[in-house]
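First up is the structure itself, then whatever we jot down about it.
We did not get these values from a lab; they are worked out from the coordinates using the rules stated. From a predicted model like this one, the values you see are computed outputs, not experimental measurements. We place every Cβ from the backbone using ideal geometry, glycine too, and count neighbours over all the protein chains shown.
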Amino acid sequence: MPYCLYVRKSRADAEAEARGEGETLSRHINTLLDLAKRRHLEITQIYREIVSGETIAARPVIQQLLSEVEQGLWSGVLVMEVERLARGDTVDQGIVAQTFKFSDTKIITPIKDYDPNNEFDEEYFEFGLFMSRREYKTINRRLQRGRLSSVKEGKYVGSQSPYGYKRVKINGDKGYTLEPLPEEADVVRMIFEWYTKGEKQSDGSFRRLGVSLIVRRLNSLKIPPRKSDHWSPATVRDILINPVYIGKIRWNWRPDVKKMAGGHVVKERPRAPLEKCTIADGLHPPIVSNEVFNTAQDFISSNPPRPIGERGTVKNPLAGIVVCAKCGHRMTRRPYNQNGYPDTLLCADTACDNVSCSLHHVERGVLDALRDWLSEYKLQWENGENKDSSDAIVAMKEKALRRLDAEYTTLNKQLDNTHDLLEQSVYTTEQFLERSRKLSERIKKNEADRLALSTDIVADKSREEARKQIIPKVERLLDVYDVLPNAKAKNDMLKEVLEKVVYLKTKKGRWNNAADDFELTLYPKMPKSNK
Ligand SMILES: [Zn+2]
C-alpha cells in the first residue's frame, strides 16, 4: 500500500513567514518527498492543511486523512513531526494515536519512524509527549463504553471487516455496518456448506469435510485469504464460529489481556467463550442461515473431525484409504466376531448397498493393483512419456520471471526519476502525483505477478520431483509390507503413496470365495499439474 504526505503550518511557521523566511508548506513537502525518495516509499497523495486551526474539528483535511487512515488505506503517513497531526487537546491526540494504532498505520518523520503496534505500546504514550496514562485510560474507557453502546445498536465497531463483508458508513448516522462482498460471501457459504453438508461427490452424494480438508481445498482453489498468502485451520475455524455470518455482532470475543512474561508486559488475545461475549443483533444482512450456522456449532463442539488414525490404535491397514464407489463414504473395518467371520471392510453408510468383503482380500487386492500400477508407471518413465513438456514449460516460465524482474527494476528507476523531474521542476506536484500513482499501480501488479509466477515454478519443480520419487517409495513398500510389525505401520506406508482406493463390489457372495470379484481403482499420490 502507498504512503501519503501531510503538511500544515504551525503558529511558529506562520510567524516566521511573516518575517519573510519563505513559504513553509512547499519547503516541508520537498523535505518529505526527499525522505520518500531515499526510502523508496510510493507517494500517491499530498494533504495540505490550509486552515490554521489547532483542533481536529477545525481542520477538515486531517479529518479526511484520519478517516482514510482508519479504513487502512495507507501504509504510512509522512509528517514533519508527530505534533503536526495533533497538538493541544489531549482528546485529539488520543484520537490520532488510536486511529493509527488500530489501523496499524505508520507515522514517518525525518527523525524517527513510529510503528504504533511495535515500538509504541508503552512507549507509545510518549507520542506527542502529552497524554498521561490516566487520561488515556479515561479516554479508553469512554471509547469502550461508546463501542458497547454502538454494538448494542447493531453497528460494527471493529477496524477491519470480517472476511465476507466490507465495512460501510451508515447512511445518516454515526458509525459503520457491514455489507456482503459477493465473492467472499460465496466462499463463506461454501466453507459452511462443506463443513455441515459436505462436498458433492462424482456420484451426487455428499461427503463432509473437516477444517483441515477445507483449508486444503481453499488453498488449492487459489482463493485468496485476507491477510496471509494461504488459509490456515485457525482462520477457517474462526469463520465457522463467528456469529457475524448470521447477522449478529459479537463484542469482547478476544479482549486484550496483559500478562507479565520474562519481565515484560505481553499482550494476548485469547478467544473468549461465546457466553462471555456480548452478542447483539446486527444491522447487517446474514450470509448463512441460522440452521446451517447452528449445525456447524454442533459439529465444532461435539465432534471435531480428525483424520482416522489419530483416534487411537489403527487396526485397519486400509484405514482412511479405501472409499466406497457407490456413495463416497469411507470403507471401515468391522472386527471379527463370534460368528466366525473374519475382519470385514464395509461402507460406513449403513444405507449403502456396496457389498462388503473380507478386509484381508481387499488388502491383498490393493497390493496387487499397486504392483501392476508400478510396472506400468516405470515403463512410462523409461519411454520418456512423463518427461513430456514439463522442462520446456518451466524454462519458459523462468524466462518470463526474468522479464518481470527487469521490469521491476525499470519501474523503480522510473519512480526515482519522477522525484528528480519534480526537483528539476519539469513536473508540477500534480503531474508528479499522477505519474507516481500510475507507477505505484504497476509496481503492485508486477509484484503480484512475480509472486504468482515464482510460486508456480516452485510447484512445477516439486511436482516433477515427486513424480520421480513415487517409484522408489512404492518399490520399498512392496518389499517390506509383509514384514511390517503392525497395521499402523502398514497404514502409514500405504498413505504415503495412495491418495485413495475406490472399492466396488456388486455381487453378494460367501466370504471365502470373494477373492477377486470386487473392483479397485487406485489413486496414487501423484502431484497434479495445475493447468
Ligand atoms: Zn457406500
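Given their separation in residues at 0.36 nm each and the Cα-Cα distance between them, Ile471 and Gln297 gain 58.3 nm when the chain is fully extended. Backbone phi angles across the stretch 242-249, fed through the Karplus curve with coefficients 6.51, -1.76 and 1.60 (θ = phi - 60°), yield HN-Hα couplings of 8, x, 4, 6, 10, x, 9, 10 Hz in residue order; Gly and Pro are listed as x. Using the Cβ-Cβ distance between Asp456 and Ala57 with R0 = 35 Å, the FRET efficiency computed as 1/(1 + (r/R0)^6) comes to roughly 0.10.
Note on Asn486 and Arg38: their simple-model spin labels are 6.6 nm apart, each label 7 Å out from Cα toward Cβ. Under the simplified labelling scheme, the Asp113-Asp405 pair shows an inter-label distance of 2.5 nm, with each label point 7 Å from Cα along Cα→Cβ. Cβ-Cβ distance of Glu499 and Arg437, R₀ of 41 Å, FRET efficiency by 1/(1 + (r/R0)^6): the value works out to about 0.30. One decimal place: the segment Lys397-Asn171 gains 76.5 nm when fully extended, by the rule 0.36 nm per residue minus the C-alpha distance. For Val168, the residues whose amide H sits under 5 Å from its own are Thr177, Leu178, Glu179, ignoring neighbours fewer than 5 places away on the same chain, with H placed 1.01 Å from N.
Annotation note: GluC sites (Glu not before Pro) in the stretch 1-107 located in DSSP loop regions with a Cβ neighbour count of at most 16 within 10 Å are Glu21, Glu23, Glu54, Glu81. If you take all other residues with their beta carbon under 12 Å from the beta carbon of Asp343, and give Lys and Arg +1 and Asp and Glu -1, the sum is +2.
3J(HN,Hα) couplings calculated from phi for the stretch 451-465 with the Karplus curve 6.51 cos²θ - 1.76 cosθ + 1.60 (θ = phi - 60°) are, in sequence order, 4, 4, 5, 5, 4, 4, 5, 4, 4, 4, 5, 6, 5, 4, 4 Hz; Gly and Pro show x.
Computed extension gain for Arg11 through Ser149, at 0.36 nm per residue and net of the alpha carbon distance, reaches 45.8 nm.
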